[in-house]
Structure formats: C-alpha cells, structure tokens
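Here's the structure, in structure tokens; my notes come after.
None of the figures in this text is laboratory data; all of them are computed from the coordinates on show. Everything numeric in this text was worked out from a predicted model, so none of it was measured. Reconstructed Cβ throughout: ideal geometry from the backbone, glycine too, with neighbour counts over all protein chains shown.
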Amino acid sequence: MGINPEVLALFDEMKAVRRQIHQNPEVGLDTVETVRLIKSRLDGYGISYSDIGVNSLVAEIKGGEGDTTVAFRVDMDALAMDEENDFPHRSQTAGKMHACGHDGHCTSLITLAAYLSEHRDFNGTVLLLFQSGEEGYEGALRVIEDGFFEKYKVDYMFGFHAWPGVEPGKIAVHSGACMASEDRFEIHVTGKSGHASMPHVCNEPFAAVADIIKGVQTIVPRKVPSHERGVVSITQVHGGSLRNGIPDRVLVQGNVRTCSEEIRDLIEDSVGQVADGVAIMYGVETELDYVRKHPVLVNTTPDIAVRAAAKVVGEENVLTGLESSMAAEDYAFFMQHTKGCYVWIGNGRDSAPLHNSRFDFNDEILPVAASFFLAVIEELL
Ligand SMILES: [Zn+2]
Ligand SMILES: [Zn+2]
C-alpha cells in the first residue's frame, strides 16, 4: 500500500496545521487553544467528539457493523522552555516550545481524521484520542479516571513518537518494553545539629548522605542482573546553611528508570534497604518517600504494528532490533487496560534531540504516521 496517495495529497494543508500548532505551544493540561483548533477541524469533517480528562478529546468514527474498536492516541502538550529556532513557525510564546514533537503527533491524527471522514469503509469503530499533559502532568491518568475505558470498549490502542536519530521513512517496533518506567524518591536524613568543630556532640547527617548516594548508585551494577537495564540517578541534595555548622536535616532526591516491573520492585526495595541500613550505621533517622510515576510501556501486539508498518514503509524499513528507551511515556498507563503497541517513526538522523531548544517535528512524518494508522485499521477492522 505504501503511503496512501489521498493522505499524501493532504500534505501541504497538514504541514500548515502542524506549523500553526508549533507556533502556539501550550504546556501541561492547559491545551485549550490546541483543542479548539482540533475541534474546528473535526467539525469541518463532520466527526463527532467528546471532552475527556482535562482538556483532552475523543473523536469516534463508526464504519460498518463490526464490534471491534481501535483507538489511536496522540499527545498535544509542549514544554516550558524557550525555543532557539529562528524559522518562521517558531514559538510565538516565550517560555513555551513544542520540543517533543507533540505538535506533529496530534496533526498526524488530524490527517487520519480528514481521510476517514471521506472513507468509512472499515468494519468497526475508530477512536481518536487527543491527550493533554503527557510531559509529567498525568494527562493519561486524567483520561482513564474520567472513565475512558468504561465509556468506550477499547480492544486495541496504538500510538507513536517522532524519534531523532532514525531516518524518516523508518518505523521502529519493540516487542515487549518500548519505554522505561520512571520513579522518583526522596530520602530525608535527620541527625542533630551543632558546631562544625564538635561533630562528636552532633549527629552528623552528611556522612550518612554520602553513603546513601554511593549505596543507591551501586544498586544497578551490583544487584540488577547484567542482562537487565536500570538507571538510578541522584538529582538533588539539599542541606545546611552555615559554613561553621552541622545541620539537622539533609534531603536527597533521585530518579529511577527500568525496563521491567520486576527490576522496578527490586530497585525500590533496595533503595529502602540502603536508607534503613545507613540509618543504623550512623544513628540518624532516614525517611524514604518513593513515588511510582510511570509504569514500563510494554507493547503487547508488536506483530500487528510490524505488519502495518511494513505495508507503509516496506519490510526493510521496519526496525525491530532497537533497544528500548530509558525515557518514560504516559501511554504506558493505557497499556495496563488494553492491548496495543507504541512505535517510533524516524524524525531524521540529524534531528536535534527531544526536549532540545532546536528540536522541530519533521513534517515528512505526517503522511507516514497517518498511513501507518490506516494500515492498522486495515489489519484489524
Ligand atoms: Zn517529551
Ligand atoms: Zn514526547
């Protein structure tokens, strides 16, 4: 099938839409104007929709009598950062920028909507989910908590991310883990303050902190099996206010990534052991606050995605051997409720990295992504 020719015919129009969204970035759950633009497009196509979550939107397109439902999910939010590009469609708002390509993700789904409005020759239901707040704002959870899986019987869900370092026209499909879990922890270390010259009458917290930092960073190389992946990073340490005093309290913060729920459990337990052990060793109090942010994104139907991708870009351009990313993606929450697959579509070998101030979504992806979604519909409906 290749790139669908009617989808390709929409390219110039959709490129303009993508650039309009790029110029007007909205951060977090606050995707009001982006949703307004998408609604006006859907109105023009005669496609009905409902609000869901916080400033997220589901459109429903029925074709034929089939009772299978396939959902496609894209994100819409930008990042709170300044754009350093100087092309005409750069961000018009200081401190906000589409540096993760979500402007292109949602435009790809608008492209699919435009095509499907004229071609309802499939047998079942297609849902188009435009989601706010992917970048750490729990947008997916807001959609799920608002009853997405109760309101709609979702049999499959698919999504994608534009991926720097991969040529446009290549689609990467992972079997199993595609993106990592993300957890955050804080360890509050409490000792006893006093004069810097007399640590023996204090309960000095920094020695304990040093061993906490060393201990948690030793978990991956010493406890995680070498064929598994994990990252533990210390991200913040706060404590003390005097040059000649020992403080009562020090706070250590860290970030954990894994590619399996078993390793995630192992690391959480191990961080707890380090905190408890150091408390005994130094006679300080340690209090661990460990927060699970995102689960591992596990693809359960890679076979369907591989077949659909091969139809669009050719078998030789479907990459199945790439390592999963240690970045997290809140699409993972949807995969706890239904089957599906999340793929990467190449943003170009020399693309700036994601979240970089010079990143830009590669418009060539628009027809590739929309044709990939169409091929999935062809596979399933
Ligand atoms: Zn991002
Ligand atoms: Zn992203």
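Computed about its Cα centre, the charge dipole of the chain is approximately 500 debye, with only Lys, Arg, Asp and Glu carrying charge at their Cβ. Distance from the C-alpha centroid of segment 1-34 to that of segment 187-244: 47 Å, rounded to the whole angstrom. Based on alpha carbons, the Rg and Dmax found for segment 205-325 are 20.3, 69 Å.
Dipole of segment 181-294 computed with +1 at Lys/Arg Cβ and -1 at Asp/Glu Cβ about the Cα centre; of Asn255, Val237, Thr286, farthest Cα towards the positive end is Val237. When Rg and the Kirkwood Rh are both derived from Cα coordinates, the Rg/Rh ratio for segment 1-112 amounts to 1.00. Between Lys39 and Ala16, the C-beta separation translates, for a Förster distance of 22 Å, into a calculated FRET efficiency of about 0.80. Pairs to check: Lys214/Lys293; Lys39/Lys170; Lys62/Lys311. Give those whose C-alpha atoms are more than 28 Å from each other in this structure. Going by Cα-Cα distance, Lys39/Lys170 fall outside the 28 Å limit. Of all DSSP bridge pairs formed entirely within the chain, close to 65 percent run antiparallel.
Across Pro88, Pro295, Pro164, mean-square fluctuation computed from a Gaussian network of the chain (C-alpha pairs under 10 Å connected) peaks at Pro88. Taking one quarter of the surface of the C-alpha convex hull of the chain gives a mean projected area of 20.7 nm². Which of Val306, His337, Ala327 sits closest to the plus end of the dipole of segment 229-381, meaning its Cα is farthest towards the positive end, when Lys and Arg get +1 and Asp and Glu get -1 on the C-beta? Sorting the options by dipole projection puts first Ala327. Placing +1 on the Cβ of every Lys and Arg and -1 on the Cβ of every Asp and Glu, with no other charges, gives segment 181-294 a dipole of roughly 400 debye about its Cα centre.
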